[in-house]
1. So for the pair residue 93, residue 168, with labels modelled 7 Å out along Cα→Cβ, what separation do we get in nm?
2. Calculate the FRET efficiency for residue 82 and residue 117 from the Cβ-Cβ distance with a Förster distance of 41 Å, rounded to the nearest 0.05.
3. Residue separation times 0.36 nm, minus the C-alpha to C-alpha distance between residue 12 and residue 142: what's the value?
4. If each of residue 57 and residue 23 carries a label point 7 Å out from its Cα toward its Cβ, how far apart are those two points in nm?
5. Run the paramagnetic zone check for residue 208: 7 angstrom along Cα to Cβ, then residues of the stretch 65-96 with backbone nitrogen under 11 Å.
6. Provide the packing ranking of 180-186, 82-88, i.e. peptides ordered by the mean count of other C-beta atoms within 10 Å per residue, highest first.
């Protein structure tokens with residue numbers, strides 16, 4: 001990955017502890033996701049969704065707490081990006097391009113191959129969202145998907161994990177590792193590869209722009225599509 005504009009001078013050896021904690025947390029999530037595959041989708045309750053939102057906020061605030069005494073958040077996250085107007089081109093082009101990639105994976109039988117292992121290709125949260133009649137739950141899921149998740153994910157995965165990883169291992173290793181954790185965090189075995197590719201693209205955009213503005217717009221657009229229940233078609237279609 002070409003070295004771009006993401007600053008890393010303020011990261012310290014202590015941040016290796018933060019990186020290890022993030023990897024450990026999401027490793028546990030992956031294990032839990034794999035072990036729950038094949039079972040019936042559990043009902044999501046508003047209280048559980050609120051707890052999930054609070055957890056995401058805590059992770060983002062913790063990441064900010066690690067670095068805030070060393071660098072201003074505006075500088076750290078590139079919030080004064082002079083090329084902010086480019087987000088209106090970068091975001092839709094990236095999202096559409098990734099859906100083309102997802103469609104290609106489907107066309108080449110990726111989802112059918114995943115299903116051959118007994119893995120459900122439609123996320124439980126999408127199933128529940130499509131079937132839910134609870135307006136409170138739908139509103140909370142929309143807030144989580146379109147506002148909370150994009151902001152918190154960018155701070156944790158790109159802002160902290162990618163930046164610290166780049167400082168100690170270089171941009172390529174940082175991009176791969178941040179994409180792996182990003183894909184694992186979504187808790188879907190079937191979507192690990194597509195989300196890994198998407199996470200890599202997000203890291204590339206962040207590195208080239210030096211700002212989370214473009215990244216956040218892309219992630220928000222992708223989460224908005226996902227919250228509406230749109231996913232790459234299952235390998236069962238057309239059978």
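Readers should treat all values here as calculations from the given coordinates under stated rules, not as data from a laboratory. Quick caveat, the model's predicted, so the values are computed rather than measured. Virtual Cβ from ideal backbone geometry, glycine too; neighbours counted across all protein chains shown.
1. With each label placed 7 Å out from Cα toward Cβ, I get 3.5 nm.
2. Result of the calculation: an efficiency of 0.30.
3. Computed gain between residue 12 and residue 142 is 43.1 nm.
4. My value for the distance between the label points is 3.0 nm.
5. 90-91, 94
6. 180-186, 82-88
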